[in-house]
């Protein structure tokens with residue numbers, strides 16, 4: 001009986017999170033009220049507040065789901081026999097196949113983290129976990145010889161996260177943007193970043209030098 005009750009609570013939490021995602025994606029964080037989420041989830045305010053006392057608590061619940069999903073994707077890359085093929089599959093999932101609802105939700109959370117201290121803490125924790133996971137993936141790739149030891153893994157992880165963030169934003173704001181068409185370029189940039197560190201370091205150093213005076 002207790003197990004059935006626990007499952008029911010998990011199911012109800014999931015229903016609320018799914019409903020909240022739809023509302024946040026459609027109306028934005030500020031534009032969404034708890035009443036709207038109640039209506040979307042088809043439950044009374046009393047029932048909803050029993051699970052989540054605020055919109056911030058709902059975002060924390062969504063973030064917990066995202067952390068589990070990202071950790072699973074990273075582990076799959078680490079265990080894959082072909083590192084770059086697995087990385088490409090993950091890139092396709094997040095850049096091309098991710099639903100617009102999820103893309104809009106992620107950009108909404110990022111924007112809200114600039115204004116809301118509670119959301120900022122949640123977002124910072126998620127970002128740190130994503131970067132740690134990315135670094136673990138890259139370290140595993142170095143250990144297997146998939147990428148050279150000379151790659152600056154901190155910079156590589158930061159750049160890969162920035163590329164994904166930028167493409168997420170482009171999908172959210174540009175209705176003409178076609179992620180499928182830019183995916184090959186993203187993969188080429190990623191491959192260059194992770195396999196030709198000496199070349200792009202040399203180019204960066206050359207670009208940073210002051211121009212010679214005539």
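Mind giving me the FRET efficiency for residue 158 and residue 65? R0 is 30 Å, r the Cβ-Cβ distance, nearest 0.05 is fine.
According to the calculation, E is roughly 0.80.
May I ask for the angle, rounded to the nearest 10°, between helix 153-173 and the longest principal axis of the chain, with both axes built from Cα atoms and the value confined to 0 to 90°?
The helix 153-173 is inclined about 50 degrees to the chain.
Provide the gained length on full extension for the span residue 178 to residue 42, in nm with one decimal, where the gain is 0.36 nm per separating residue minus the Cα-Cα distance.
45.5 nm
Any idea what the relative contact order of the range 1-108 is, in percent, if you count C-alpha pairs under 8 Å spaced at least 6 apart?
Relative CO of the range 1-108 lands at 34 percent.
Sorted by mean Cβ packing within 10 Å, highest first, what order do the peptides 180-189, 69-78 take?
The packing order, highest mean first, is 69-78, 180-189.
Sort 168-178, 138-148 by the packing proxy (mean of other Cβ within 10 Å over each peptide's residues), most packed first.
138-148, 168-178
Run the numbers on the chain and let me know its relative contact order in percent, using alpha-carbon pairs under 8 Å that are six or more apart.
20
Rounded to the nearest 0.05, what FRET efficiency do residue 102 and residue 14 give with R0 = 22 Å and r taken as the Cβ-Cβ distance? Could you check?
0.90
Just to verify a number: FRET efficiency for residue 50 and residue 114, C-beta to C-beta distance, R0 = 35 Å, to 0.05?
Taking R0 as 35 Å, the efficiency between residue 50 and residue 114 is 0.70.
On C-alpha positions alone, give me the angle between the axis of helix 100-112 and the longest principal axis of the chain, in degrees, nearest 10.
90
Give me the percent relative contact order of the range 89-160, please, defined on Cα pairs under 8 angstrom at least 6 residues apart.
Computed value for the range 89-160: 18 percent relative contact order.
Taking the highest mean first, how do the peptides 16-25, 55-64, 42-51 order by number of other beta carbon atoms within 10 angstrom per residue?
Averaged packing, sorted descending, gives the order 16-25, 55-64, 42-51.
Given that just one value was derived from the coordinates, which of (i) 73, 45, 32; (ii) 55, 41, 32; (iii) 66, 52, 42 is Cα extents along the principal axes in Å?
Correct label, based on the coordinates given: (i).
Give the distance, in whole Å, between the Cα centre of the range 27-61 and the Cα centre of the range 104-170.
28
What does the helix-only formula give at 222 nm for the chain: each DSSP H stretch with n ≥ 4 adding -39500 (n - 2.57), the total divided by the residues, and the result rounded to the nearest 500 deg cm²/dmol?
After summing the helix terms and dividing by the residues of the chain, the value is -26000 deg cm²/dmol.
Every number here is computed from the coordinates shown, using simple stated rules; none is lab data. Predicted model only: the values in this text are computed from it and were never measured. Neighbour counts run over all protein chains shown; Cβ positions are idealised from the backbone, glycine included.
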